[in-house]
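One structure is given here, and the rest of the page talks about it.
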Amino acid sequence: MQDSVGKFVEISIAVVPGAGACTVVSKEIAFDDHSWTVHCYPRGAPGEPGAGGYLSIHLVNHTNVRNAKVLFQAIVLCRATDMAGAGGVAPPRDNYHASSVFEYPAVGTRRFPWPRVVGVRDLHDCCAVGGYATVVCGLAVLRHNPIPAPPSTYAADLAGLLEARKKFGEPDASFAVGGRTFDVVRSVLAARSSVLKAELDATSGDTDTPAAMPTIRPEHGFSAATFCALLLYVYCDRLPRGGEVGCAVTTELVGELLAAAEWYALGRLKLLCARRLWDGLCVANVSRTLRYAVRCRCPELRSACIDFLTVGHNLKEAFPTEDFGWLMKNSPEVYEEIKRRFEAKNGGGGALAAGAGDDNAVVCTSSSGQSSLSG
């Protein structure tokens with residue numbers, strides 16, 4: 001699944017006949033983990049064919065975080081022929097356009113040029129108003145989440161239950177987790193998870209009096225906030241928001257909820273957690289997120305994290321972290337897969353060193369196949 005985010009920026013270019021022209025750089029276009037600027041060269045960029053006679057527009061990226069599809073369009077506005085003195089704008093069909101859709105990052109480049117957008121003479125004669133031409137640029141990034149979310153099974157799980165029609169009824173069991181007690185409706189939990197049903201069945205007769213509710217004390221050791229988030233999914237079929245489980249929804253909470261989903265065999269909840277973790281993925285937490293994916297046996301999140309590490313300098317920046325060290329020690333097969341994908345994406349043998357570092361610490365592979373950190 002994918003959605004998009006985007007912004008517009010307007011640039012004014014001084015148009016003076018017969019004079020040299022300076023490069024005009026837009027203000028930063030920033031959203032999420034992307035940062036871009038638009039560079040306009042009124043007489044062409046240095047080294048371009050036909051430089052000096054045409055306006056050239058370059059889109060420059062200042063981040064190199066994750067793969068994305070980018071949509072870019074630049075429109076040089078023409079003035080209306082009958083409103084030259086008043087600064088009117090011509091119909092859209094008369095404007096000059098430059099546009100493209102491309103995958104980012106492209107190998108070895110952060111700059112995407114559109115040369116010869118409009119001739120210098122046309123820029124002055126058709127576009128200038130009061131000595132300035134206006135360029136309107138739009139940039140959109142299609143955000144793709146590689147982890148699928150299967151359709152909800154909530155209605156099917158609770159089909160036929162009276163609680164699904166009007167209310168869930170009075171609690172008839174309780175869970176003691178993390179110093180808190182959660183009263184629950186046995187039939188709802190049993191319908192949603194076979195593991196919850198087994199825990200409930202195992203203690204159905206474990207009460208001092210027939211009227212007392214059985215109390216289940218699971219062996220997993222999850223926090224009260226995590227178990228509360230799990231129950232929120234069981235009853236409401238969604239992830240927590242804000243502070244409704246007693247604390248903020250952090251990466252750590254979602255990672256523990258991922259582990260709880262694995263424990264209770266809630267496959268859809270696992271993927272929802274994985275998608276939430278992917279949406280918040282950055283260099284600072286990718287090693288920890290990959291660690292969650294490995295420990296909770298979530299191949300979709302694992303693969304997405306490894307792909308993230310192969311982009312730009314992400315691997316170099318993640319390498320020194322404690323969580324990456326844990327992966328190297330406890331999951332050498334994951335580290336080997338990171339190396340394989342990195343080298344495949346960045347030019348084969350020896351490319352790992354070139355992409356994981358620059359003048360500082362780099363990841364190197366010796367002839368014996370052992371990895372080391374060098375500076």
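Using the structure shown, decide if residue 95 is open to solvent by less than 50 Å² (accessible area, probe 1.4 Å) and either at pLDDT 85 or above or within 13 Å of residue 112 (Cβ to Cβ) (or both).
Details: open to solvent by less than 50 Å² (accessible area, probe 1.4 Å): yes; either at pLDDT 85 or above or within 13 Å of residue 112 (Cβ to Cβ) (or both): yes.
Against the criterion (open to solvent by less than 50 Å² (accessible area, probe 1.4 Å) and either at pLDDT 85 or above or within 13 Å of residue 112 (Cβ to Cβ) (or both)), residue 95 qualifies.
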Anything in the range 216-246 that is surrounded by fewer than 17 Cβ atoms within 10 Å (Cβ to Cβ) and outside any helix (DSSP H, G or I)? List them, or say none. 217, 218, 219, 220, 221, 238, 241, 242, 243, 244, 246
Here is a check on your reading of the model: is residue 287 over 27 Å from residue 144 (Cα atoms), modelled with pLDDT of 90 or more and in contact with a helix residue (DSSP H, G or I) (Cβ under 6 Å, 6 or more places away or on another chain)? no
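Across the range 177-192, what is the number of residues that are assigned to a helix (DSSP H, G or I) and either under 11 Å from residue 234 (Cα atoms) or in contact with an Asp or Glu (Cβ under 6 Å, 6 or more places away or on another chain) (or both)?
Here is the first cut: in the range 177-192, the residues assigned to a helix (DSSP H, G or I) are 186-192.
After this cut, where a residue has to be either under 11 Å from residue 234 (Cα atoms) or in contact with an Asp or Glu (Cβ under 6 Å, 6 or more places away or on another chain) (or both) as well, the list is 186, 188-192.
Residues that pass the stated criteria total 6.
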May I ask you to list the residues in the range 286-302 that are surrounded by fewer than 20 Cβ atoms within 10 Å (Cβ to Cβ) and in a loop (DSSP other than H, G, I, E, B)? 297
Restricting the first residue to the range 265-279 and requiring it to be open to solvent by less than 20 Å² (accessible area, probe 1.4 Å), which pairs with a second residue that is outside any helix (DSSP H, G or I) and polar (S, T, N, Q) meet a Cβ separation below 8 Å and a spacing of at least six or different chains? 266/193
Looking at the range 309-333, which of its residues are open to solvent by 30 Å² or more (accessible area, probe 1.4 Å), over 13 Å from residue 288 (Cβ atoms) and assigned to a helix (DSSP H, G or I)? 316, 317, 328, 329, 330, 332, 333
What is the one condition in (1) open to solvent by 40 Å² or more (accessible area, probe 1.4 Å); (2) at pLDDT below 90; (3) out of contact with any His (no Cβ under 9 Å at 6 or more places or on another chain) that residue 348 does not satisfy? (1)
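The values are calculated or read from the model by the stated rules, or taken from the named source; none is laboratory data. Since the model is a prediction, treat every value here as computed from it, not as a measurement. Cβ atoms come from the backbone with ideal geometry, glycine included; neighbour counts cover every protein chain shown. Just the protein is used for accessible areas: all its heavy atoms, side chains included, with ligands, DNA and RNA removed. Shrake-Rupley method; radii C 1.70, N 1.55, O 1.52, S 1.80 Å.
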